[in-house]
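What follows is a single structure, written as structure tokens, with notes after it.
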Amino acid sequence: MVHSMQYVVGVDEAGRGPLAGPVAVGVIAVTEGYDILSMFLGLNDSKKLSEKKRDALFKILQEEIKNGNVFATVTLVSAARIDAKGIAPAVRHGVDTGVRKLLPNPKEGKVWLDGSLKAPEEYEQETVIGGDGLVPAIMLASIAAKVTRDRMMLKLDTEYPLYGFAGHKGYGTKAHTEAIKLHGPCVEHRRSFLRNILSHL
């Protein structure tokens, strides 16, 4: 009897809190025997690593994807969808999309998720508070999500140069909120996140 391959799947999101840009949900899958930590030296919660270190790990990730050792997907859920549905449903949509894409057969693996994230109910899963600093598969998913989102914000910075996206990546820094007050929001702003700022205009 042929046994189906078993996978370890990690899920994390980046960009839940910013005032602009998409929320990114990273999902990675590796076979059960794959040692993530020995392949990705220095791996940790993406927020605790320097941009240089994240980029170096992301480069290894791309190579491992090319070599067929790691499967990964990052779902970017737009500001418009966040405004229409709310941030929690937007993140859930990203998780569901990514998990089903990488692990079409729920019987073939277990999904590890960070914080309060949940996979579709048909999957065996475990949610770990602070998982992006504890579970290697979640750490790797957090790198995929964070680097992909940051690069997207750099791209948006060239399209909407008035807001300084390259510097703050859409988070609500003083400079960013001042720019919104001065120029008004652009299409990449999450209007549902701007009520306090816009009410002062």
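The values are calculated or read from the model by the stated rules, or taken from the named source; none is laboratory data. Nothing here was measured: the structure is a model prediction, and the numbers come from that model. Positions of Cβ are generated from backbone atoms using ideal geometry, with glycine treated the same way; all protein chains shown enter the neighbour counts.
Within the range 116-129, which residues are at pLDDT 95 or above and out of contact with any helix residue (DSSP H, G or I) (no Cβ under 6 Å at 6 or more places or on another chain)? I'd like the intermediate steps shown before the answer.
Just the residues of the range 116-129 that are at pLDDT 95 or above, to begin with: 117-129.
Lys118, Glu121, Glu124, Gln125, Glu126, Thr127, Val128, Ile129 - these are the residues of the range 116-129 that are at pLDDT 95 or above and out of contact with any helix residue (DSSP H, G or I) (no Cβ under 6 Å at 6 or more places or on another chain).
With respect to the numbered conditions (1) modelled with pLDDT under 95; (2) farther than 23 Å from Val111 by Cβ, which one is the sole condition not fulfilled by Lys47?
Among (1) modelled with pLDDT under 95; (2) farther than 23 Å from Val111 by Cβ, Lys47 violates only (2).
Those residues that are among the aromatic types (Phe, Trp, Tyr) and either within 26 Å of Phe58 (Cα to Cα) or out of contact with any helix residue (DSSP H, G or I) (no Cβ under 9 Å at 6 or more places or on another chain) (or both), I need them from the range 161-178; list them, please.
If the condition is that a residue be among the aromatic types (Phe, Trp, Tyr) and either within 26 Å of Phe58 (Cα to Cα) or out of contact with any helix residue (DSSP H, G or I) (no Cβ under 9 Å at 6 or more places or on another chain) (or both), then Phe165, Tyr171 are the ones that fit.
Condition test on Glu126, is it surrounded by fewer than 16 Cβ atoms within 10 Å (Cβ to Cβ) and in a strand (DSSP E or B)?
Values: surrounded by fewer than 16 Cβ atoms within 10 Å (Cβ to Cβ): yes; in a strand (DSSP E or B): yes.
Yes; evaluated as a whole, the condition is true for this residue.
If you check every pair at least six apart or on different chains, which have Cβ atoms under 7 Å apart with a residue in the range 138-158 that is in a helix (DSSP H, G or I) first and a residue that is among the aromatic types (Phe, Trp, Tyr) and modelled with pLDDT of 95 or more second?
Every condition considered, the pairs that remain are Ile138/Trp112; Leu140/Phe40; Ile143/Phe58; Val147/Phe58; Met153/Phe165; Leu156/Phe165; Asp157/Phe165.
For the range 170-201, how many residues are under 19 Å from the mean Cα position of the chain (by Cα) and among the acidic types (Asp, Glu)?
Residues flagged as under 19 Å from the mean Cα position of the chain (by Cα) and among the acidic types (Asp, Glu) within the range 170-201 amount to 1.
Does Ala137 qualify as being crowded, with 20+ Cβ neighbours inside 10 Å, farther than 23 Å from Asp55 by Cα and of a type in the set (Gly, Ala, Ser)?
no
Residues being closer than 19 Å to Gln62 by Cβ and either surrounded by 13 or more Cβ atoms within 10 Å (Cβ to Cβ) or among the aromatic types (Phe, Trp, Tyr) (or both): count how many of those fall in the range 12-41.
Qualifying residue count, the range 12-41: 14.
Could you tell me which numbered condition Gly167 fails, if it satisfies all but one of (1) surrounded by 22 or more Cβ atoms within 10 Å (Cβ to Cβ); (2) more than 14 Å from the chain's Cα centre (by Cα)?
For Gly167, the failing item is (1).
Are any of the residues in the range 97-112 surrounded by 16 or more Cβ atoms within 10 Å (Cβ to Cβ), among the basic types (Lys, Arg) and outside any helix (DSSP H, G or I)?
Checking the range 97-112: at least one residue is surrounded by 16 or more Cβ atoms within 10 Å (Cβ to Cβ), among the basic types (Lys, Arg) and outside any helix (DSSP H, G or I).
List every residue pair whose Cβ atoms lie under 9 Å apart, where the two residues are 6 or more positions apart in sequence or sit on different chains, the first residue falls within the range 37-59 and is without any contact (Cβ under 8 Å) to a residue 12 or more places away in the chain, and the second residue, located anywhere, is part of a helix (DSSP H, G or I) and among the aromatic types (Phe, Trp, Tyr).
Short answer, once both residue conditions are applied: none.
One line per residue, one yes/no per condition, for (1) under 30 Å from Ala179 (Cα atoms); (2) of a type in the set (Asp, Glu):
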| site | (1), (2) |
| --- | --- |
| Val25 | yes, no |
| Val30 | no, no |
| Asp35 | no, yes |
| Asn44 | no, no |
| Leu57 | no, no |
| Val70 | no, no |
| Val77 | yes, no |
| Leu103 | no, no |
| Lys110 | no, no |
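Cβ-Cβ distance below 8 Å, separation of 6 or more or different chains: which pairs start in the range 74-86 with a residue that is closer than 15 Å to Arg149 by Cα and modelled with pLDDT of 95 or more and end on one that is aliphatic (A, V, I, L, M) and assigned to a loop (DSSP other than H, G, I, E, B)?
Note: pairs meeting the criteria are Ala79/Val187.
Hey, does the range 68-81 have a residue that's touching an Asp or Glu at 6+ places or on another chain (Cβ under 7 Å), among the hydrophobic types (A, V, I, L, M, F, W, C) and closer than 15 Å to Asp12 by Cα?
Within the range 68-81, none of the residues are touching an Asp or Glu at 6+ places or on another chain (Cβ under 7 Å), among the hydrophobic types (A, V, I, L, M, F, W, C) and closer than 15 Å to Asp12 by Cα.
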